[in-house]
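This report refers to the structure that appears directly beneath it.
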Amino acid sequence: MAGPLLLALAGMVHPAGLSAGTAHRWVQLHIVLLPVFPLLALGFPVLLRGRPRAGVAGGATVVAWVCAAAYAVGYTGLDAVAGIAAGTVAGQPGDPGQLRAVVLALYDIANELGRAGVYAFLAAVLACTVALGTRHGWRVLPGAAVLLGAGYSFIDSHIFRPRGVLTMLAMAAGFALWTWATASEHRKLHRPGRVASPQ
């Protein structure tokens, strides 16, 4: 949950738009966020820790891990291109029209990377739902629904306030629901007096 909560805080100070006046703050913020955007992917290996076994759950676990890594790569690319590179260009002296054309070209590339990353995040949510659902049942469905909705919003909201901030808070809530779902089942299996089944 740390990643989306940090991004929600960052969204509160994220400039609403990129201009020569906001370029320096835009670049500095996205440099700081370089290691933070990939943190959204950590929820998957944390919840699906352990060696995957053969079967549906194991296969879904591997798919979730791969898709989470693909998200981290794609969205870090967006952060670097639309954040650091475009911000650097916008802050340079020169013809505003020419600089704007370069910024828009960088945005085009960054948006493709970001969309690919978010689609991979959504695929990771679906795969993780399958993997967790085989172990914990229906309890994982509320968290999955929240994460799918937040992921869909993330496609074009980034972390811009207010929707981007709400998107990140929803992601934190989704991971919290998954944590609750998996922890409650763990507590049930390890209650005092309950005899564990032989392995």
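Would you be able to say whether some residue in the range 14-22 is open to solvent by 10 Å² or more (accessible area, probe 1.4 Å), assigned to a helix (DSSP H, G or I) and either closer than 13 Å to A82 by Cα or touching a residue at least 40 places away in the same chain (Cβ under 8 Å) (or both)?
No, that holds for no residue.
So in the range 23-54, with the set limited to residues that are of a type in the set (A, V, I, L, M, F, W, C) and outside any helix (DSSP H, G or I), which one is farthest from A131 (Cα to Cα)? Can you show your working first?
Initial filter on the range 23-54 (of a type in the set (A, V, I, L, M, F, W, C)): 23, 26-27, 29, 31-34, 36-37, 39-42, 44, 46-48, 54.
Imposing the further condition that a residue be outside any helix (DSSP H, G or I) reduces the set to 34, 36, 48, 54.
Working: L34: 29, V36: 25, L48: 8, A54: 12 Å.
The qualifying residue farthest from A131 (Cα to Cα) is L34.
Residue check: is A54 of a type outside the set (K, R), at pLDDT 95 or above, over 12 Å from the mean Cα position of the chain (by Cα) and more than 25 Å from A10 (Cα to Cα)? Reasoning before the result, please.
On the way: of a type outside the set (K, R): yes; at pLDDT 95 or above: no; over 12 Å from the mean Cα position of the chain (by Cα): yes; more than 25 Å from A10 (Cα to Cα): yes.
No; evaluated as a whole, the condition is false for this residue.
Given the criteria modelled with pLDDT of 95 or more and open to solvent by less than 30 Å² (accessible area, probe 1.4 Å), does A176 qualify?
Numbers: modelled with pLDDT of 95 or more: yes; open to solvent by less than 30 Å² (accessible area, probe 1.4 Å): no.
It is false that A176 is modelled with pLDDT of 95 or more and open to solvent by less than 30 Å² (accessible area, probe 1.4 Å).
Which of the residues spanning the range 24-82 are among the acidic types (D, E) and either touching an Asp or Glu at 6+ places or on another chain (Cβ under 9 Å) or surrounded by fewer than 20 Cβ atoms within 10 Å (Cβ to Cβ) (or both)? Before you say what the answer is, go through the steps one by one.
Initial filter on the range 24-82 (among the acidic types (D, E)): 79.
Residues satisfying the conditions do not exist here.
Which members of the range 154-166 meet the condition of being open to solvent by less than 20 Å² (accessible area, probe 1.4 Å) and free of Cβ contacts under 8 Å to residues at least 24 places away in the same chain?
Selection gives S157 alone.
List every residue pair whose Cβ atoms lie under 6 Å apart, where the two residues are 6 or more positions apart in sequence or sit on different chains, the first residue falls within the range 100-111 and is charged (D, E, K, R), and the second residue, located anywhere, is surrounded by fewer than 14 Cβ atoms within 10 Å (Cβ to Cβ).
none
Within the range 83-103, track down each residue that is surrounded by 14 or more Cβ atoms within 10 Å (Cβ to Cβ) and assigned to a helix (DSSP H, G or I). Break it down stepwise before answering.
Our first condition is that a residue be surrounded by 14 or more Cβ atoms within 10 Å (Cβ to Cβ); within the range 83-103, this holds for 83-91, 99-100, 102-103.
Answer for the range 83-103, where residues must be surrounded by 14 or more Cβ atoms within 10 Å (Cβ to Cβ) and assigned to a helix (DSSP H, G or I): G83, I84, A85, A86, G87, T88, V89, A90, L99, R100, V102, V103.
Considering each of A144, A173, A124, A131 in turn, give the residue that is touching a residue at least 24 places away in the same chain (Cβ under 8 Å), within 11 Å of the chain's Cα centre (by Cα) and farther than 29 Å from A23 by Cβ.
Values: A144 fails: within 11 Å of the chain's Cα centre (by Cα); A173 fails: within 11 Å of the chain's Cα centre (by Cα); A131 fails: within 11 Å of the chain's Cα centre (by Cα).
Among A144, A173, A124, A131, only A124 is touching a residue at least 24 places away in the same chain (Cβ under 8 Å), within 11 Å of the chain's Cα centre (by Cα) and farther than 29 Å from A23 by Cβ.
Of the conditions (1) surrounded by fewer than 18 Cβ atoms within 10 Å (Cβ to Cβ); (2) among the aliphatic types (A, V, I, L, M); (3) more than 15 Å from M171 (Cα to Cα), A145 clears all except one; give me its number.
Result: A145 passes all but (3).
The values are calculated or read from the model by the stated rules, or taken from the named source; none is laboratory data. What you see is a predicted model, and the numbers here were worked out from it, not measured in a lab. Quick reminder, even Gly has a Cβ in these numbers, built from the backbone with ideal geometry, and neighbours come from all protein chains shown. Just the protein is used for accessible areas: all its heavy atoms, side chains included, with ligands, DNA and RNA removed. Shrake-Rupley method; radii C 1.70, N 1.55, O 1.52, S 1.80 Å.
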